[in-house]
Amino acid sequence: MDEEANAIMDVVDILTADHRDMLDLLRQVETTAEAELRRDIVDTVIAEVMRHSVAEEMIVYPVVEEYVPNGSEEVAHDKEEHEELVSVMKQLEDVDASEPAFTERVRELAELLDHHAHDEEDEQFPKLRESIPRRELVEMGAKVENAKKVAPTRPHPSAPHAELFHKTAGPGLGMVDRLRDALTSRHTG
């Protein structure tokens with residue numbers, strides 16, 4: 001997405017587009033025969049899911065907790081789903097893209113991501129739009145895009161899914177991930 005389009009998109013539009021893009025990439029894996037290209041696509045998805053999740057946890061979830069009815073429970077559920085995604089993504093890092101286990105993990109990731117996206121899009125995002133003025137949702141969208149620029153690109157199962165962690169340690173972890181990505185020629189989008 002270009003920055004001009006983001007200027008008029010609110011946080012819900014941005015996160016929904018992220019969901020579509022990530023799921024579309026995972027569908028491409030199913031139809032891609034070349035193992036190296038399958039690996040590149042999955043590495044891109046992993047990086048995008050990490051950026052997206054961290055941005056949600058930093059910017060969106062605190063607002064949901066404060067302004068959305070039953071927001072704390074919804075956020076706790078979302079963070080559990082993020083942990084499941086991180087677990088599968090971590091497993092994918094260690095599986096050869098030509099192995100059947102790779103395809104199984106990709107399908108598992110797609111199912112988890114699809115479920116998570118539907119939870120947010122069908123339940124949480126409408127409540128967010130009802131509770132927060134559009135101007136603030138647009139501002140949140142800009143903050144999400146900025147958070148994604150410094151977020152980690154690799155799964156870190158032992159890292160907490162917490163706003164304070166992401167704001168303090170996250171940028172350093174993200175910098176290390178991007179350095180590792182560059183040194184290993186890992187595709188991250």
Region 56-87, subset crowded, with 21+ Cβ neighbours inside 10 Å and among the β-branched types (Val, Ile, Thr), residue nearest to VAL12 (Cα to Cα): VAL60
Residues of region 128-153 satisfying the condition of being polar (S, T, N, Q) and surrounded by 16 or more Cβ atoms within 10 Å (Cβ to Cβ): SER131, THR153
Restricting attention to region 31-55, report how many residues are of a type in the set (Ser, Thr, Tyr) and surrounded by 19 or more Cβ atoms within 10 Å (Cβ to Cβ). 2
Within region 154-172, of all residues that are surrounded by fewer than 21 Cβ atoms within 10 Å (Cβ to Cβ) and in a helix (DSSP H, G or I), the one modelled with the lowest pLDDT is LEU164
Go through (1) farther than 29 Å from ASN146 by Cβ; (2) surrounded by 16 or more Cβ atoms within 10 Å (Cβ to Cβ); (3) hydroxyl-bearing (Ser, Thr, Tyr) for THR103 and report which single condition fails. (2)
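The values are calculated or read from the model by the stated rules, or taken from the named source; none is laboratory data. It should be emphasised that the depicted structure is a prediction, and the values quoted were computed from it without experimental measurement. Cβ sites come from the backbone with ideal geometry, for glycine too, and all protein chains shown count toward neighbours.
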